[in-house]
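Derivation of every value follows stated rules applied to the coordinates shown; laboratory data play no part. Predicted, not measured: the structure shown is a model, and the values here were computed from it. Every residue, glycine as well, gets a Cβ built from its backbone with ideal geometry; the counts of neighbours run over all protein chains shown.
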Number of protein chains: 2
Amino acid sequence: MSVHLEFLKKNEQYVADFDKGHLPLPPAKKYTVVTCMDARVEPARQLGIELGDAHVIRNAGGSAKDALRSVVISQRLLGTREIAVFHHTDCGMLTFLTNDLRSLVKAAEPGNAAVAEAVDKIEFLEFADVEESVKADVKFLQENPLVLKGTTVTGWTYDVTTGKAKRVI
Amino acid sequence: MSVHLEFLKKNEQYVADFDKGHLPLPPAKKYTVVTCMDARVEPARQLGIELGDAHVIRNAGGSAKDALRSVVISQRLLGTREIAVFHHTDCGMLTFLTNDLRSLVKAAEPGNAAVAEAVDKIEFLEFADVEESVKADVKFLQENPLVLKGTTVTGWTYDVTTGKAKRVI
């Protein structure tokens, strides 16, 4: 079954049981989770985030740097005051370097100047160690002038083989 | 209860029932969802995404532009071949303009040059119409030289008051 047909079928079941149409826009528990897009990561179930509680930002690696635009909107317009950064074991970001990925993309379309120019503009934000990258992202947020002073920033890892969350910092 | 204590307690329950430690890194169903960080959005339950199936990228608004780094990693290194963009009703991105948010951030710390310089660098990617923004993001992905040719890109809205997903394009 193609993905879009699957969405409609699954969503029908969700709609039939839905009773949360009254929830307001600002997150009830005033926190934001920054985590990875990885298919084995599911913040709501893994961390017990109820619908309406928190903003969840996800990107390749769970990069805080990549999440900055969203964090500013979350804090300034929607009142969140705590940020939890989660990276996870066996992350794809541990498996490559920006230069390798740029080469791979260029090699797929040799001589295409638009592709080369576009990919050379992207820093892919890979990392070599999960706990160190969590610490670096927490530091990035704590020191960034756009993040509100007094924000509680915590750092965590998630283990995809055990399902376990661990506080790092 | 502070958020980090809540995570540990909820995660303990998750770990006790966890039996998905064998899932591989590449998404089983080879698709990526791009959607909003909104607290009322929960892609796994709302769209029936099983653990291990798909990449889920989330940011303020569900911006495809903001997601490009992650999409390239998802396609080139982890084999995804379909992208579904979801924006939703009552989105925070409908409520402000980049210039207003920049002014608000500067006004919170008058005379702080580091803050002014940092916030002026950010395009906040707000939009005025949910369906139009979905169509624009689908077009952005279809025309972007870094997105693989032949990728199926679909566009959707999610209604936070009814729980209903609707195909736009």
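How big, on average over all directions, is the shadow cast by the Cα convex hull of chain A, in nm²?
Numbers: hull surface 50.9 nm².
With the hull built on Cα positions only, its mean projection is 12.7 nm².
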- Task: Can you quote the Å³ per residue value for the convex hull of the Cα atoms in region A:1-95, rounded to an integer?
- Result: 132
- Which residues qualify? For residue B:58, with a placed amide H closer than 5 Å and at least 5 residues away or on another chain, they are A:58, A:59, B:35
- Note on the structure: Whole-Hz Karplus couplings 3J(HN,Hα) for region A:14-31, θ = phi - 60° and coefficients 6.51, -1.76, 1.60, Gly and Pro as x, run 4, 4, 4, 9, 6, 9, 10, x, 9, 5, x, 5, x, x, 4, 9, 6, 9
- For region A:116-127, in order, what is each residue's ³J(HN,Hα) by Karplus, 6.51 cos²θ - 1.76 cosθ + 1.60 with θ = phi - 60°, in whole Hz (x at glycine and Pro)? 4, 5, 5, 6, 5, 7, 9, 8, 7, 6, 5, 9
- Item | Spin-label pair residue B:94/residue B:17, simplified geometry with 7 Å Cα→Cβ offset, distance in nm | 3.4
- Item | Cα pair count fraction exceeding 14 Å, expressed as % - region B:92-169 | 71
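Can you check how the C-alpha radius of gyration of the protein assembly as shown compares to 2.2 N^0.38 Å, as a plain ratio? Don't skip to the answer; put the middle values down first.
Numbers: Rg = 18.8 Å, N = 338, 2.2 N^0.38 = 20.1 Å.
Relative to the 2.2 N^0.38 Å estimate, the protein assembly as shown comes out at 0.94.
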- Message: Averaged over its residues, how many other protein chain Cβ atoms are within 10 Å of peptide A:161-168's Cβ atoms?
- Response: 5
- Query: Under 5 Å between amide H atoms, partner at least 5 residues away or on a different chain: which partners does residue A:85 have, H built in plane at 1.01 Å?
  - Reply: A:34, A:154, A:155, A:156
- For residue B:65, the aspartates and glutamates lying under 17 Å Cα to Cα, once residues fewer than eight places off in the same chain are dropped, come out as A:66, A:117, A:120, A:123, B:82, B:123, B:126, B:129, B:131, B:132, B:137, B:143
- Taking the Cα centre of the protein assembly as shown as origin and charging only Cβ (+1 Lys, Arg; -1 Asp, Glu), how large is the dipole, in debye to the nearest 20? 100
